Structure formats: C-alpha cells, structure tokens
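Peer 1: Sharing a structure below in structure tokens format, with a few things to ask.
The values are calculated or read from the model by the stated rules, or taken from the named source; none is laboratory data. These numbers were taken from a predicted model, which means no experiment stands behind them. Quick reminder, even Gly has a Cβ in these numbers, built from the backbone with ideal geometry, and neighbours come from all protein chains shown. Please note that ligands, DNA and RNA were not included when accessible areas were found on the heavy atoms of the full protein model with its side chains. Shrake-Rupley method; radii C 1.70, N 1.55, O 1.52, S 1.80 Å.
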Amino acid sequence: MSVDETAPLRVLVVDTDPHARAAVITRLTAEPQLQIVAESDGHDAIPLAERLHPDIALLTPPTASLTPALTAIARVFILTTTDTPPPDGACGTLPPSLTGIDLLRNVRDASRVSHGLSAREAEVMDLIATGRSNGEIARQLFLSEKTVKNHVNRIYAKLGVSSRATAIALWRGLMSALPAKD
C-alpha cells in the first residue's frame, strides 16, 4: 500500500443547517493538514462517503443517526455543545466552534487511545506520519536515535503492523481495519 505521508486528512462535514455547515468548513479550511472533500445535509452523506472515502466525518446531532453506517468508512465525531455521550462507534464529541488544530488534536487522541499508545509514542507516531526519519525525530524530540527506534518498534507492535506506510495509514484513519498480512 502506498501512502502519501504528507497528504491532508480528508473531511466530510454533515449538518442539516447550511449556515452552520459553512461556518465549520470555513474554520477547518484554514488548516493545511485538512481537506474538506464534501459537505452534506445528511441525505447524501453515506453515498458521498462511500465514493470519496473521507478520513473523518463530522456530524451534528440531527445527523448522528448516520454514525453506524459512516464508522465503517471514516472516523466519526459529533459536533455538539451538550455533554451527551456520542453514539456507539463515534470517536467522540467536539464543539461546533472547533478549529482545524482542535480536530487534528482530537483525531490524534482518539487514535492514541484506541491503539494503546503512550503520549510519547503518539508524539513519535505524529512525526512519523509527517514523513520524518528516525534521525529527524530524535533531533526534534532531543532523544537518541536508538530510543526513537525502540519507540517505533513498540508502536509497530501495538498497531500490529510491520511497515511505516501501514502504520501511517492506520494512524491517519485511512484503513478501517488492519489487513490480515502486512
């Protein structure tokens, strides 16, 4: 599997209110690590997701019933101001006023928790996902290259992968499940 390590995360925004949807899109497009691939009022969200394979789907409570169908395609977050728990399958809730950085942080945290990575391993994996080498990671984090290599080996074991490309794809949410063989 070939993965463009610097490609932005692809986002589908689903909201029944076109003004609220436009406001979310405006805030997210300011972040170069995100790409809005589609927007929907909910009626065509599933066919759009099946066709475009976004990494992330942002839903509002009126469209949260789409969560089960969309979780097979993308990581789902619910945009809400209430403390209501997210529906089964959703990665979590986010405020509708979120910024691109907020979304990236939450995607990272959801990935870290769901894969059992420590905070340092998640930090190393973030740098791997941006295309940095072990040497570059070591210099940036003020670690020895051997320590970075140990972190990478533990990350691969926890993610159940054997290649950088597969680890990156899984970390970024491009794969809904690990392949049987790497």
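Peer 1: Please count how many residues of the range 35-66 are open to solvent by 20 Å² or more (accessible area, probe 1.4 Å) and either touching a residue at least 60 places away in the same chain (Cβ under 8 Å) or at positive phi (or both).
Peer 2: Of the residues in the range 35-66, 1 are open to solvent by 20 Å² or more (accessible area, probe 1.4 Å) and either touching a residue at least 60 places away in the same chain (Cβ under 8 Å) or at positive phi (or both).
Peer 1: Moving on. Among the candidates ALA169, ALA138, single out the residue that is surrounded by 13 or more Cβ atoms within 10 Å (Cβ to Cβ), of a type in the set (Gly, Ala, Ser) and out of contact with any helix residue (DSSP H, G or I) (no Cβ under 6 Å at 6 or more places or on another chain).
Peer 2: On inspection, the qualifying residue turns out to be ALA169.
Peer 1: Report yes if VAL11 is closer than 19 Å to ALA169 by Cα, open to solvent by less than 60 Å² (accessible area, probe 1.4 Å), assigned to a strand (DSSP E or B) and of a type outside the set (Ser, Thr, Tyr), otherwise no.
Peer 2: yes
Peer 1: So in the range 55-73, with the set limited to residues that are out of contact with any Gly (no Cβ under 9 Å at 6 or more places or on another chain) and not small (Gly, Ala, Ser), which one is farthest from VAL24 (Cα to Cα)?
Peer 2: ILE73
Peer 1: For the range 21-28, indicate whether the set of residues that are within 19 Å of ASN106 (Cα to Cα), outside any helix (DSSP H, G or I) and among the polar types (S, T, N, Q) is non-empty.
Peer 2: no
Peer 1: Right, next: Name the one entry in LEU98, LEU103 that is in contact with a Lys or Arg (Cβ under 8 Å, 6 or more places away or on another chain), open to solvent by less than 20 Å² (accessible area, probe 1.4 Å) and either modelled with pLDDT under 90 or part of a loop (DSSP other than H, G, I, E, B) (or both).
Peer 2: That would be LEU98, the only listed residue that is in contact with a Lys or Arg (Cβ under 8 Å, 6 or more places away or on another chain), open to solvent by less than 20 Å² (accessible area, probe 1.4 Å) and either modelled with pLDDT under 90 or part of a loop (DSSP other than H, G, I, E, B) (or both).
Peer 1: How many residues does the range 64-93 contain that are within 13 Å of the chain's Cα centre (by Cα) and not hydroxyl-bearing (Ser, Thr, Tyr)?
Peer 2: 8
Peer 1: Let me ask you something else. Looking at the range 53-84, which of its residues are in contact with a Leu (Cβ under 7 Å, 6 or more places away or on another chain), at pLDDT 90 or above and assigned to a loop (DSSP other than H, G, I, E, B)?
Peer 2: Residues satisfying the conditions are PRO54, THR60.
Peer 1: Next up: Quick check on the range 74-90: of everything there that is under 19 Å from ILE25 (Cβ atoms) and touching a helix residue (DSSP H, G or I) at 6+ places or on another chain (Cβ under 9 Å), which residue is surrounded by the fewest Cβ atoms within 10 Å (Cβ to Cβ)?
Peer 2: So, considering only residues that are under 19 Å from ILE25 (Cβ atoms) and touching a helix residue (DSSP H, G or I) at 6+ places or on another chain (Cβ under 9 Å), the one surrounded by the fewest Cβ atoms within 10 Å (Cβ to Cβ) is THR80.
Peer 1: Just one of (1) free of Cβ contacts under 8 Å to residues at least 60 places away in the same chain; (2) in contact with a His (Cβ under 7 Å, 6 or more places away or on another chain); (3) part of a loop (DSSP other than H, G, I, E, B) trips up ARG120, so point out which.
Peer 2: (3)
Peer 1: Are any residues in the range 106-128 open to solvent by 40 Å² or more (accessible area, probe 1.4 Å) and among the small types (Gly, Ala, Ser), and if so, which ones?
Peer 2: Those that are open to solvent by 40 Å² or more (accessible area, probe 1.4 Å) and among the small types (Gly, Ala, Ser): SER114, GLY116, SER118, ALA119.
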